[in-house]
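The values are calculated or read from the model by the stated rules, or taken from the named source; none is laboratory data. What you see is a predicted model; the values in this text were computed from it and never measured. A quick note on method: Cβ atoms are made from the backbone with ideal geometry, for glycine too, and the neighbour counts reach across all protein chains shown. We work out accessible area using only protein heavy atoms, side chains counted, and drop any ligands, DNA or RNA first. Shrake-Rupley method; radii C 1.70, N 1.55, O 1.52, S 1.80 Å.
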Amino acid sequence: MADTITITDNRTGKQYEIPVENETIRATDLRKIKVSEDDFGLMTYDPAFMNTSSVKSRITFIDGDKGILRYRGYPIEQLAENSTSFLETAYLLFYGELPTKAQLEKWRLNIKTHSLVHDNVKKIIEGFYREAHPMGVFTSALAALSTFYPEAQNIHDPEIRMQQVYRLMGQVPTIAAWVYRHSKGMPYVYPDTKLTYAENFLNMMFNTGTAEPNVNPVLEHAMTVLFILHADHEQNCSTNVMRSIGSSHANPYAAAAGAAAALSGPLHGGANEEVLKMLDEIDRLANVPDFIKNIKEGKGKLMGFGHRVYKNYDPRAKVIKKLAYDVFKVTGSNPKLDLALALEKIALEDDYFIKRKLYPNVDFYSGLIYQAMSFPTEFFTVLFAIGRTIGWLTQWHEHITDTEQKIARPRQIYIGSGERNYVPMNERK
Ligand code: ACO
């Protein structure tokens with residue numbers, strides 16, 4: 001059987017044979033379909049990329065109908081359960097293989113030795129109000145990094161590229177923690193290279209002056225797993241932005257700042273914050289049925305539910321739900337857990353949600369853990385960004401080394417006015 005499809009253009013009666021590769025046709029092949037020689041050719045219209053692949057990628061695989069997520073072929077559940085550290089999973093994502101002991105050590109050292117942030121970045125952070133939203137401060141600090149490392153603009157040099165990968169991976173937790181410390185008026189804690197990635201981050205966040213870092217191992221483990229679960233998710237909104245900015249050959253700090261800005265939206269990474277606000281608004285179990293009724297009447301959305309790709313339980317949400325109980329053993333339960341469980345139960349049994357295949361996504365339970373660990377609600381998306389930085393970098397790297405890629409530049413269907421003459425002010429109605 002030939003891997004082609006034949007399209008008949010009913011406008012002209014002509015037939016076109018179009019190759020099918022990876023169950024996909026090339027949109028540019030449709031340009032052959034014309035009504036006349038000077039016709040531009042057929043285009044596709046796909047708002048929000050509902051059915052358009054913009055890349056070939058070897059990084060992350062998702063089967064949304066089956067609820068499968070794999071990094072480089074490894075199921076997310078196995079990585080969450082067995083990965084010895086976040087940096088091990090990060091290595092796997094970036095290089096495509098699990099590291100040997102020596103490879104992991106080298107990777108860890110390179111990242112750790114780049115975890116110190118230029119002192120002027122502190123001044124940038126301090127220029128913001130203490131009440132400023134942490135994602136705004138975090139995003140601005142990422143963008144500012146490019147001015148400290150102008151050589152990063154040379155994205156064609158593999159060594160220079162790698163140095164920015166180490167710097168971003170090393171500095172993102174430091175910047176995030178400093179954003180928090182500034183908001184609280186607390187002195188900054190500097191990175192400690194003896195600690196694991198997650199432990200170092202938690203120490204920079206919450207150390208209140210103990211001589212030795214004293215991070216609870218259960219919380220360190222939870223943070224590690226949360227970073228692993230958030231590390232990549234193929235062509236999501238923020239990753240698409242990272243690739244798109246990267247496609248113009250902008251430096252990786254600019255691209256990461258753009259990706260972080262995209263992540264901040266409530267339909268994307270900002271949803272974890274929205275879930276907590278929603279639970280606050282619902283307040284009591286007795287209010288759950290009315291809240292669901294309103295959602296079904298189109299008054300708002302059940303935040304933390306639904307996904308463009310998953311039409312089954314988000315596998316990350318399953319891992320997080322289990323992890324929540326481990327964390328609550330240390331921190332005490334989050335009183336909002338009962339509310340979340342009740343919401344989930346009703347939604348999973350309700351026709352409205354079943355018909356639309358709406359299941360809890362990664363953000364539904366992550367906020368409860370973050371809150372129990374003492375992170376302020378506005379800070380949740382920053383935590384997502386720390387984990388996702390390696391995904392952004394890996395996807396960016398794949399993109400700019402992919403010879404099939406060019407500057408990202410969609411087409412449009414123009415539906416505005418035709419040509420008309422300028423009207424002077426005094427003649428306008
Ligand atoms: N609550 C209630 N109804 C919903 C929800 C929800 N959370 N999500 C989708 N729907 C409904 C829509 O109203 C629509 O109904 P209709 O067919 O009657 O019009 C139907 O389900 C399909 O929804 P779309 O908006 O077309 O789905 P899309 O793929 O565009 O959106 C998204 C996916 C943005 C995640 C959406 O489900 C949503 O807004 N969820 C809440 C926000 C959220 O949790 N975002 C985090 C996603 S995970 C992440 O980015 C990390």
Original post:
When only residues in region 248-277 that are open to solvent by less than 10 Å² (accessible area, probe 1.4 Å) and within 10 Å of the ligand (Cβ to nearest atom) count, which is farthest from Asp363 (Cα to Cα)?
Top reply: Leu263
Subject >> Whichever residue in region 309-328 is open to solvent by 30 Å² or more (accessible area, probe 1.4 Å) and without any contact (Cβ under 8 Å) to a residue 60 or more places away in the chain and, among such residues, is farthest from Asn236 (Cα to Cα) >> reply: Tyr325
Original post:
When you go through Leu348, Leu341 one by one, which is the residue that is open to solvent by 40 Å² or more (accessible area, probe 1.4 Å) and within 16 Å of the ligand (Cβ to nearest atom)?
Top reply: Leu348
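Going residue by residue through region 405-422, is there one that turns out to be in contact (Cβ under 8 Å) with a residue 24 or more places away in the chain, open to solvent by less than 40 Å² (accessible area, probe 1.4 Å) and over 17 Å from Phe201 (Cβ atoms)? Show your work before the answer.
First, the residues of region 405-422 that are in contact (Cβ under 8 Å) with a residue 24 or more places away in the chain: 405-408, 411, 413.
Subset that is open to solvent by less than 40 Å² (accessible area, probe 1.4 Å): none.
Within region 405-422, none of the residues are in contact (Cβ under 8 Å) with a residue 24 or more places away in the chain, open to solvent by less than 40 Å² (accessible area, probe 1.4 Å) and over 17 Å from Phe201 (Cβ atoms).
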Subject >> Selection count, region 216-255, where residues are of a type in the set (Val, Ile, Thr) and in contact with a Phe, Trp or Tyr (Cβ under 8 Å, 6 or more places away or on another chain) >> reply: 3
Subject >> Of residues in region 166-207 being closer than 25 Å to Phe94 by Cβ and of a type in the set (Gly, Ala, Ser), the one nearest to the chain's Cα centre (by Cα) >> reply: Ala176
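Residues that are touching a residue at least 60 places away in the same chain (Cβ under 8 Å): list the helices (runs of 4 or more DSSP H) wholly contained in region 77-132 that include at least 2 such residues.
Where helices (runs of 4 or more DSSP H) fall fully within region 77-132 and carry at least 2 residues being touching a residue at least 60 places away in the same chain (Cβ under 8 Å), they are 86-95, 101-112.
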Original post:
Among the residues of region 157-166, is any free of Cβ contacts under 8 Å to residues at least 12 places away in the same chain, open to solvent by 10 Å² or more (accessible area, probe 1.4 Å) and either outside any helix (DSSP H, G or I) or not assigned by TED's automatic domain parsing to the domain that holds Ala385 (or both)?
Top reply: yes
Subject >> Residue count for region 343-397, restricted to those that are more than 30 Å from Ser183 (Cα to Cα) and touching a Ser or Thr at 6+ places or on another chain (Cβ under 6 Å) >> reply: 1
